[in-house]
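Novice: What follows is a single structure, and I will ask about it in a moment.
The values are calculated or read from the model by the stated rules, or taken from the named source; none is laboratory data. The structure displayed is predicted, hence computed values, not measured ones. All Cβ positions, glycine included, derive from the backbone under ideal geometry; neighbour counts span all protein chains shown. Accessible surface areas use protein heavy atoms only, side chains included; no ligands, DNA or RNA. Shrake-Rupley method; radii C 1.70, N 1.55, O 1.52, S 1.80 Å.
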Amino acid sequence: MRLTDQEYWERVNADNSKTAQSTSLNRNKWLRRILGSTFFKWSEPYDDYILWEVILPSYLKNVNGFRAIEIGSAPGKFMTKLADHFGVIPYGIEYTSVGAAANRVTFLDHGYDPEGVIEADVLSPVFQAKYKGIFDIVISRGFIEHFSDPQDVLDAHMSLLKPGGVLLVMIPNLRGIYWIWTRIFNELQLPLHNLDIMKMGNFRALFSPFKLRRLHIQYIGTFSFWLFTAKDPSLLMRKILRGLILLQRVLNVCFRLFFGRRGFETAWLSPNLLFIGKKCPD
């Protein structure tokens, strides 16, 4: 059963588009100017650094020209970055018209074919039949936790993947300290997420029924204020959240200095869980 509906994601994607076009870009410009390019880069999310500089290069070798698709891909920045870094051909599947439109703009802006964005339901039998087994890399981030039973959803992931292809699934960790904050300030978000699969044992068990050779599974990231959200925040709360994001940049630099490429992951504090596996031949 879906824990969210299409209307919810239309609203989320519309809100994300407005945010991207307004404050964040301007804030990053003046922060880069103040901090300098090197320090600004070090202040970016530590979990992103671990993912892009440490983990992905270990498992995405010699994939130039491979077809890669992200399920729930709006606004498309992850896939364009993946294409830039590893030379894959990017595709995205997006459930909403707003998200698909934003994704196509992102692809076009980065020089990739906007026709690679497919507006469809990944669970649709029509979609599954058309795209069965044609992708070398299948990715979802923040997707499967919106279902009460993710097994069918993962089966849809596997159906799109070629034998020998790579599956990458990442979900947020709304347990631990993030559950406490969300329970107090944004309680309505909790029923929209399957919290049970955010326990590492349960997360690992999700992939056991499938013909996958596990390459990598872990909590990822040391700590992130990005998971601190609030429902209809007041002016004061918005200022607090902006302040926490600025503080996060300082923490990211500290994480880079103290933990380097090793990372420091815990169930209580790490913001994400990550699985990477390779589909075994039939």
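Novice: How much of the accessible area of region 93-238, probe 1.4 Å, is carbon plus sulfur, in whole percent? Spell out each step's value before the answer.
Specialist: On the way: 3780 of 6610 Å².
So the carbon and sulfur contribution to the accessible surface is 57 percent.
Novice: Something else about it: I'd like the Kirkwood hydrodynamic radius of region 34-188, using the inverse of the mean 1/r over distinct C-alpha pairs, in Å.
Specialist: Details: mean 1/r = 0.0592 Å⁻¹.
Over region 34-188, the inverse of the mean reciprocal pair distance is 16.9 Å.
Novice: Tell me the accessible surface of K41 in square angstrom (1.4 angstrom probe, heavy atoms of protein chains only), to the nearest ten.
Specialist: 120 Å²
Novice: Could you work out which residue, out of R141, R183, R175, moves most in a Gaussian network model of the chain, that is, has the largest mean-square fluctuation with Cα springs under 10 Å?
Specialist: R183
Novice: To continue, here is another question. Take L244 and L215, extend 7 Å from each Cα along the Cα→Cβ direction, and tell me the distance between the two endpoints in nm.
Specialist: So the two model labels end up 3.4 nm from each other.
Novice: Please compute the modelled spin-label separation between A129 and N62, points set 7 Å along Cα→Cβ, answer in nm with one decimal.
Specialist: So the label points at N62 and A129 sit 3.7 nm apart.
Novice: Okay, next question. Roughly what angle does helix 235-259 make with the longest principal axis of the chain, taking Cα atoms, 0 to 90 degrees, to the nearest 10?
Specialist: Roughly 70 degrees, rounded to the nearest 10.
Novice: Helix 77-86: angle to the longest alpha-carbon principal axis of the chain, degrees 0 to 90, nearest 10?
Specialist: Taking Cα atoms only, the helix is inclined about 70 degrees.
Novice: Skip the ligands, DNA and RNA, and give the accessible area per residue of region 61-108 with a 1.4 Å probe, whole Å². Working shown, then result.
Specialist: On the way: 1890 Å² over 48 residues.
On a per-residue basis, region 61-108 sits at 39 Å².
Novice: Hey, another quick one. Does anyone have the angle between helix 23-35 and the longest principal axis of the chain? Alpha-carbon axes, 0 to 90°, nearest 10?
Specialist: The helix 23-35 is inclined about 60 degrees to the chain.
Novice: A follow-up question, please. What does region 159-234 give for Rg and for Dmax, in Å, if only its C-alpha atoms count?
Specialist: Final numbers for Rg and Dmax: 15.4, 50 Å.
Novice: Working out 0.36 nm times the residue gap between T4 and K41, then minus their Cα-Cα distance, what length gain in nm do you get to one decimal?
Specialist: Details: separation 37, 0.36 × 37 = 13.32 nm, distance 3.45 nm.
My answer for the length gained is 9.9 nm.
Novice: Hey, any idea what Rg/Rh is for region 196-272, computing Rh the Kirkwood way over Cα pairs? Before the final figure, lay out the partial values.
Specialist: Numbers: Rg = 16.3 Å, Rh = 14.9 Å.
We get a ratio of 1.10 for region 196-272.
Novice: Express the relative contact order of the chain as a whole percentage, based on alpha carbon pairs under 8 Å and six or more residues apart in sequence. Intermediate values should be presented prior to the final figure.
Specialist: Working: 465 pairs, mean separation 60.2, N = 282.
21 percent.
Novice: Accessible area per residue for region 203-259 in Å², computed with a 1.4 Å probe and the full protein assembly in place, what is it?
Specialist: Working: 3230 Å² over 57 residues.
With the other protein chains kept in place, region 203-259 gives 57 Å² per residue.
Novice: Sticking with this structure for a sec: What is the distance in Å between the Cα centres of region 214-272 and region 113-132?
Specialist: 33 Å
Novice: What length, rounded to one decimal in nm, is gained on full extension from E115 through to S148, with 0.36 nm per residue of separation minus their alpha-carbon distance? Intermediate results must be reported in sequence, preceding the final value.
Specialist: Values: separation 33, 0.36 × 33 = 11.88 nm, distance 3.15 nm.
Between E115 and S148, full extension yields 8.7 nm more.
Novice: Using only the alpha carbons, work out the radius of gyration and Dmax of the chain in angstrom.
Specialist: Cα only, the chain: 18.5, 56 Å (Rg, Dmax).
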